[in-house]
1. Filtering the stretch 255-275 down to residues that are of a type in the set (D, E, K, R) and crowded, with 16+ Cβ neighbours inside 10 Å, which residue is farthest from the ligand (Cβ to nearest atom)?
2. Hey, any hits in the stretch 212-227 for a residue that's within 24 Å of residue 9 (Cβ to Cβ) and touching a Pro at 6+ places or on another chain (Cβ under 6 Å)?
3. Looking only at the stretch 326-345, count how many residues are surrounded by fewer than 18 Cβ atoms within 10 Å (Cβ to Cβ), in contact (Cβ under 8 Å) with a residue 60 or more places away in the chain and over 22 Å from residue 436 (Cα atoms).
4. Suppose the filter is away from the ligand (no atom under 16 Å from the Cβ), on the phi > 0 side of the Ramachandran plot and surrounded by fewer than 21 Cβ atoms within 10 Å (Cβ to Cβ); does residue 299 pass it?
5. Name the residue that is nearest to the ligand (Cβ to nearest atom), counting only residues in the stretch 362-375 that are in contact with a Phe, Trp or Tyr (Cβ under 7 Å, 6 or more places away or on another chain) and more than 13 Å from residue 411 (Cα to Cα).
6. What about residue 45, is it touching a residue at least 40 places away in the same chain (Cβ under 8 Å) and either within 13 Å of the ligand (Cβ to nearest atom) or surrounded by fewer than 20 Cβ atoms within 10 Å (Cβ to Cβ) (or both)?
7. Given the residues 355, 422, 450, which is the only one that is in a loop (DSSP other than H, G, I, E, B) and surrounded by 15 or more Cβ atoms within 10 Å (Cβ to Cβ)?
8. Closer than 22 Å to residue 406 by Cα, away from the ligand (no atom under 15 Å from the Cβ) and touching a Cys at 6+ places or on another chain (Cβ under 8 Å) - does that describe any residue in the stretch 119-127?
Amino acid sequence: MDHAPHPRSHWLHEALALEQPPDPVPLERHERADVCIVGGGYTGLWTAIELKTREPALDVVLIERDLCGSGASGRNAGYLLSWWAKFLSLRKICGEAEALRIARASDAVVDEIAGFCATEGIDADLREDGWLWAAANAAQRGAWQETVEAIGAHGLAPIVEWPAARAAGRCGAPGLAGGAFERHAARVQPALLARGLRRVALERGVRIHERTPLVEVKAGVPAIVETPRGRIRAERVILAMNAWAVRWAGIRKAVMVVSGDMIVTPPVPERLEAMGWRDALTVSDGRTLLEYYRTTRDGRVAFGKGGMSGTFTYGGKVGAEVEGRSDFAEPLLAALHRTLPALAGVPAERSWRGPVDRSKDGLPFFGTLGRSPNVFFGVGFSGNGIGPCRLAGRILGSLALETKDEWSTCPLVRAPTRDFPPEPFRLLGSRLIRRALLAKDRADDEGRRPSFVTRLAVSLAPAGLSPFDGPVAQPAATPEATTER
Ligand SMILES: Cc1cc2nc3c(=O)[nH]c(=O)nc-3n(C[C@H](O)[C@H](O)[C@H](O)COP(=O)(O)OP(=O)(O)OC[C@H]3O[C@@H](n4cnc5c(N)ncnc54)[C@H](O)[C@@H]3O)c2cc1C
């Protein structure tokens, strides 16, 4: 397989080439700030913009270990989705009324981000052609039913069922057995969005130090953020570090980190035309190790696999397992050819992977770190963060500004619970569960009923679109994680 030599994702490569960014400015002295944000992905950048929008005089500094957008935000599949598909999980955590409010807010975010990009001149290739929750086989058909009905009880129909022929015809995937379509969903070039947010944050007066890794946060008021060549004394610190936040054991117990893996083909616009796939529809199927595919502006197909299909990290270290090229490029290409047979013979031009911070219930959680009331975090987006990170900016903004509102008090502000075992049991368990997930997907493809043991093991996996099994984490008055390493 032909891999381009650059280790970064196709998207970040493209974004950096387009924007000709100013050189990164690493921190090389001691600074002070009202708020120091750690992490330059969507969560950190939206929070920075939110804070400056609400309080323009606030002194906000953001540090990023590499470049803004070099984490998951610049490597993801670019599906800008609401939380309607996760309504059952939201309801379990938040209750009916709050789930409805938050799902509606997540839906509004799609237009909000589109409007923000238009106003701020961010060309993130945002196109709102909807999202198809596809059934790749008969067993997956109707996976959306309970969700659609639960939302329908409120007189709403954001997701509508499609017959197999319509689903298959819309994206040239003849094997699809059905689907459910959410019209209000968009595709973005993820790194262009991240880099655009970085520019807007700078324009609003946020100081950004790239190539500046956090070494340690020293508790206190102010807290001290140590980096290799400088330190920031900040009244409040916001950890927007995605998977890398598992360095803190109190967060690690509630988050499992696995790579999400992607490939992209060379431009094949004439093949897409022949398949009848002429738009920016995004598709993901109902596998437990889900597969997703979408087109790009220049007529490529990006194809990825999520769930627990990637490489697992071990303990509190997140490193090479989620960086560079994917270990699964060959099987990904085989899956692309199986799903989209009209692309037979088309190679993968590039592969990459990125970290996914999976929580048990598939939704993020927010709180304060240990006994430090002025150090906040938000983590656990579980592969669905482009839209939700905009809401995270509101939640973290309200927490950091101590504003008592519907965001600082929402049930997603909750204490992390021990959802995953410590190592080595976590890694062993993850591998066993992955084997079961593979067995289930294979059985579904072959029209067999998976064995009892397989079904049991599958029920232990973190939630995807279907609701999770097990107890619900309770919102806490002072949600906190421990600082132990
Ligand atoms: C392959 C893949 C496909 C995905 N597809 C989708 C999708 O289609 N739709 C969707 O909604 N979501 C998707 N996601 C998830 C989505 O990308 C994330 O939920 C979202 O980007 C999280 O944003 P974030 O800012 O929290 O994390 P990140 O973007 O990862 O930002 C965290 C930042 O912290 C920085 N950092 C880490 N350690 C340190 C340190 N010590 N000091 C300073 N900085 C540090 C990192 O470099 C990184 O830039 C996908 C994820 C992956 C990996």
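Rule-based calculations on the coordinates, nothing more; no lab input. These numbers were taken from a predicted model, which means no experiment stands behind them. For neighbour counting, all protein chains shown are included, and Cβ atoms are generated from backbone atoms with ideal geometry for every residue, glycine included.
1. Here is the first cut: in the stretch 255-275, the ones of a type in the set (D, E, K, R) are 261, 270-271, 273.
Going one step further and asking which of them are crowded, with 16+ Cβ neighbours inside 10 Å, we end up with 261, 271.
Details: 261: 6, 271: 23 Å.
Top of the filtered list is 271.
2. Narrowing the stretch 212-227 to residues within 24 Å of residue 9 (Cβ to Cβ): 212-214.
With the extra rule that they be touching a Pro at 6+ places or on another chain (Cβ under 6 Å), the set shrinks to 212.
The answer is yes, given that some residue of the stretch 212-227 is within 24 Å of residue 9 (Cβ to Cβ) and touching a Pro at 6+ places or on another chain (Cβ under 6 Å).
3. Taking the stretch 326-345 first, the residues surrounded by fewer than 18 Cβ atoms within 10 Å (Cβ to Cβ) are 327, 330-331, 334, 337-338, 341-342, 344-345.
Those still in the list that are in contact (Cβ under 8 Å) with a residue 60 or more places away in the chain too: 327, 330, 338, 341-342.
Then drop every residue that is not over 22 Å from residue 436 (Cα atoms), which leaves 341-342.
The number of residues fulfilling the criteria is 2.
4. Values: away from the ligand (no atom under 16 Å from the Cβ): yes; on the phi > 0 side of the Ramachandran plot: yes; surrounded by fewer than 21 Cβ atoms within 10 Å (Cβ to Cβ): yes.
Yes.
5. Of everything passing the filter in the stretch 362-375, 362 is nearest to the ligand (Cβ to nearest atom).
6. On the way: touching a residue at least 40 places away in the same chain (Cβ under 8 Å): yes; either within 13 Å of the ligand (Cβ to nearest atom) or surrounded by fewer than 20 Cβ atoms within 10 Å (Cβ to Cβ) (or both): yes.
Answer is yes for this residue.
7. Values: 355 fails: in a loop (DSSP other than H, G, I, E, B); 422 fails: surrounded by 15 or more Cβ atoms within 10 Å (Cβ to Cβ).
Answer to the check: 450.
8. Step one: of the stretch 119-127, the residues closer than 22 Å to residue 406 by Cα are none.
No - not one qualifying residue is present in the stretch 119-127.
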